[in-house]
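Here's the structure, in structure tokens; my notes come after.
The values are calculated or read from the model by the stated rules, or taken from the named source; none is laboratory data. All of these numbers come straight from a predicted model, not from anything done at the bench. Every residue, glycine among them, receives a Cβ derived from its backbone with ideal geometry; neighbour counts consider all protein chains shown.
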Amino acid sequence: MPKTTSPKPKLAFVNLFTKNYNQQTKFYEETLGLTPQKGNKGNWFGFQTGQSTFAIEPQTNRDSYQFNYNKENPYLLQFKVSTIKELKEITKTLGSKDVRITQPLKKMSFGTITTFLDLDNNVVELIVERRKKPKHKPT
């Protein structure tokens, strides 16, 4: 009997809650260079990131939640970059804008990353994924 595979979810949305809404939207737009989505309003700001949406929202938007959730904002955000050259250029630009870079151009088993902190001290990484070597079948 063939094994059936269930559909796998794809990331569609990442929402970053912040106490520094205006400063964070400016940081991600002006410092990191993300493109704002159309339709942004005073209490939600989305960015175009490819197949998913990245947005910033004031933490106070969730004050009405009737359940407990982690309000400390401990996130790692990771954005893909195409090439090492592009990663080097972005890292240099971030440094020139006084962004706190914690790991510049660090080679890892999964790729090369630059790690930095945003204005809420969230960890943000830019990654060039390591290309997997194609498997060659013996002939």
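Is at least one residue of segment 30-51 among the aliphatic types (A, V, I, L, M) and modelled with pLDDT of 95 or more? Don't jump to the end; show me each part of the working.
First, the residues of segment 30-51 that are among the aliphatic types (A, V, I, L, M): 32, 34.
Right, trim to modelled with pLDDT of 95 or more and you get none.
Checked against the condition, which is being among the aliphatic types (A, V, I, L, M) and modelled with pLDDT of 95 or more, segment 30-51 yields no hits at all.
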In segment 96-117, is there at least one residue being modelled with pLDDT under 90 and not in a strand (DSSP E or B)?
yes
How many residues are without any contact (Cβ under 8 Å) to a residue 60 or more places away in the chain, buried (at least 18 other Cβ atoms within 10 Å of the Cβ) and closer than 19 Å to Ile56 by Cβ when one looks only at segment 101-123?
1
All positions within segment 19-48 that are surrounded by 16 or more Cβ atoms within 10 Å (Cβ to Cβ) and not in a helix (DSSP H, G or I)
Leu32, Leu34, Trp44, Phe45, Gly46, Phe47
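Can you tell me how many residues within segment 52-87 are in a strand (DSSP E or B) and modelled with pLDDT of 80 or more?
The initial filter retains those residues of segment 52-87 that are in a strand (DSSP E or B), namely 53-58, 76-80.
Now restrict to residues that are modelled with pLDDT of 80 or more: 53-58, 77-80.
Count: 10.
Quick one: is Lys92 without any contact (Cβ under 8 Å) to a residue 24 or more places away in the chain, outside any strand (DSSP E or B) and in the same structural domain as Asn22 (by TED's automatic domain parsing)? Give the steps one after another, and end with the answer.
Numbers: without any contact (Cβ under 8 Å) to a residue 24 or more places away in the chain: yes; outside any strand (DSSP E or B): yes; in the same structural domain as Asn22 (by TED's automatic domain parsing): no.
When the stated conditions are applied, Lys92 does not pass them.
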How many residues does segment 87-100 hold that are closer than 16 Å to Val128 by Cβ, surrounded by 14 or more Cβ atoms within 10 Å (Cβ to Cβ) and among the β-branched types (Val, Ile, Thr)?
2
Quick check on segment 1-29: of everything there that is over 19 Å from Asn121 (Cβ atoms) and among the β-branched types (Val, Ile, Thr), which residue is modelled with the highest pLDDT?
Thr5
